[in-house]
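Report on one structure; see the data block that follows.
The values are calculated or read from the model by the stated rules, or taken from the named source; none is laboratory data. Since the structure is predicted, the reported quantities are computational estimates derived from the model, not experimental observations. Because the Cβ atoms are built from the backbone with ideal geometry, glycine has one as well, and the counts that use them run over all protein chains shown. Quick note on the areas: whole protein, heavy atoms, side chains included, nothing else; ligands and nucleic acids left out. Shrake-Rupley method; radii C 1.70, N 1.55, O 1.52, S 1.80 Å.
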Amino acid sequence: MLVQIETTSAEPTQRLPEWLCKPVRNTDADHSLKKMLRTRGLHTVCEEARCPNRNDCFSRGAATFMILGDVCSRSCGFCSIKTGRGLPLDSMRDEPEQVAEAAAQLKLNYVVITSVNRDELPDGGAGHFARTIHAVRQRLPRAKIEVLTPDFKGNREALHAVLDAEPDTFNHNVETVPRLYLRVRPQADYQQSLDVLREAHRYSPKTLTKSGFMVGLGERRDEVKTLLEDLRTHDVDVVTIGQYLQPTRAHLPVAEYVHPDVFDEYKAYGERLGFRAVFSGPLVRSSFMAETVREIADRG
Ligand code: SF4
């Protein structure tokens, strides 16, 4: 039943184009999922980052678990996740098992695990990622596991620790074009992120590599094509491209609502470059329909 069109951004400063509006749905299913997650002391990036697709995913029983707490050591201009000093690891000792039990309760075949940045930890939280992968693998031996990780400040040992736990898909987002890094991702480095992706492929060739970025932050079309070329030359198999939406007025303004035709243009260009899958659209997010994207890549 369509009652009214729901905007997909918390506090939009501009009227949203029709391709970003979604019909309002019955959210009852979400409540039980959220209740289960809270009971287990778990966070999702879906809620923390105010993802526009969270109701859809929750109603399908899909969610992206966010480990290592809900406080990030960085402050990206587009992200609504809290910034500050995260809780000590001791306080989340049973988080890997709780993620595994939650995934089992949701009967997930494809489990996506991400985290905030914990730059203050010696390994950036890589060990906790590995423990969570092991716990899910033990509880759901047939499920596929995708990790969406930080850059671990380029620490290869930390990266290897995650890959030694054998995730099926290794995802690390570059988020935007290099010219905009200072405004969008001030604590990150474009080349460092590309090197993390290439090293993941070199160190674990059987693991699918994936990256994602947003558009609508002021990038030019040619810069996006160069970014896609850079990802391919750094052995990335899958790419996701979505529209940036301003979470609150305290975050970066939207420079442009990119038309769906342009997303199609980027998809076609990416496919010509040889990506195994290009998932490009206004409401696409890095782990949205991750299972389907993986299937497309496996068929690719
Ligand atoms: S590093 Fe990730 S979680 Fe932290 S502010 Fe940036 S986007 Fe948000």
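Against the definition (modelled with pLDDT of 90 or more and open to solvent by 40 Å² or more (accessible area, probe 1.4 Å)), how does D90 come out, yes or no? Spelling it out, D90 is indeed modelled with pLDDT of 90 or more and open to solvent by 40 Å² or more (accessible area, probe 1.4 Å).
Out of (1) open to solvent by 40 Å² or more (accessible area, probe 1.4 Å); (2) within 17 Å of E175 (Cα to Cα), the odd one out for A250 is which? It fails just one condition, (2). Might you check whether a residue that is over 28 Å from N109 (Cβ atoms) and more than 16 Å from the ligand (Cβ to nearest atom) occurs anywhere in the stretch 158-170? Scanning the stretch 158-170, I find no residue that is over 28 Å from N109 (Cβ atoms) and more than 16 Å from the ligand (Cβ to nearest atom), so the answer is no.
This table checks each residue for (1) open to solvent by 60 Å² or more (accessible area, probe 1.4 Å); (2) small (G, A, S); (3) modelled with pLDDT under 85.
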| site | (1), (2), (3) |
| --- | --- |
| L16 | no, no, no |
| R25 | yes, no, yes |
| E47 | no, no, yes |
| N53 | no, no, yes |
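Being touching a residue at least 40 places away in the same chain (Cβ under 8 Å) and either open to solvent by 60 Å² or more (accessible area, probe 1.4 Å) or within 15 Å of the ligand (Cβ to nearest atom) (or both) is true of C72. Within the stretch 102-126, restricting attention to residues that are open to solvent by 30 Å² or more (accessible area, probe 1.4 Å) and touching a residue at least 60 places away in the same chain (Cβ under 8 Å), the residue that is farthest from the chain's Cα centre (by Cα) is Q105. Selection within the stretch 77-101: residues that are in contact (Cβ under 8 Å) with a residue 60 or more places away in the chain and out of contact with any strand residue (DSSP E or B) (no Cβ under 7 Å at 6 or more places or on another chain). The member of this set that is farthest from the ligand (Cβ to nearest atom) is E101.
Scanning the stretch 186-207 for residues that are aliphatic (A, V, I, L, M), in contact with a Phe, Trp or Tyr (Cβ under 9 Å, 6 or more places away or on another chain) and closer than 13 Å to L231 by Cα turns up V196, L197, A200. For the stretch 161-178, the set of residues classified as open to solvent by less than 30 Å² (accessible area, probe 1.4 Å) and more than 30 Å from Y266 (Cα to Cα) consists of V162, A165, listed by residue number. Among the residues making up the stretch 149-165, a single one is under 15 Å from T132 (Cα atoms) and among the acidic types (D, E): D164.
Would you pick out the residues in the stretch 185-211 that are within 14 Å of D151 (Cβ to Cβ) and among the aliphatic types (A, V, I, L, M)?
A188, L194, V196, L197, A200
Determine if the stretch 95-104 includes at least one residue that is in contact with a Phe, Trp or Tyr (Cβ under 6 Å, 6 or more places away or on another chain) and under 22 Å from H134 (Cβ atoms). Yes, the stretch 95-104 has at least one match. Only one entry of L197, L182 meets the criterion of being crowded, with 23+ Cβ neighbours inside 10 Å, away from the ligand (no atom under 13 Å from the Cβ) and not in a strand (DSSP E or B), and that entry is L197.
Considering only the stretch 228-264, how many residues are within 23 Å of T209 (Cβ to Cβ) and either touching an Asp or Glu at 6+ places or on another chain (Cβ under 8 Å) or of a type in the set (D, E) (or both)? So the count comes out to 5. When F58, F129 are checked against the criterion of being within 16 Å of the ligand (Cβ to nearest atom) and either surrounded by 15 or more Cβ atoms within 10 Å (Cβ to Cβ) or in contact (Cβ under 8 Å) with a residue 40 or more places away in the chain (or both), F129 stands alone in meeting it.
For T240, the conditions (1) assigned to a helix (DSSP H, G or I); (2) of a type in the set (S, T, N, Q); (3) crowded, with 22+ Cβ neighbours inside 10 Å are fulfilled apart from (1).
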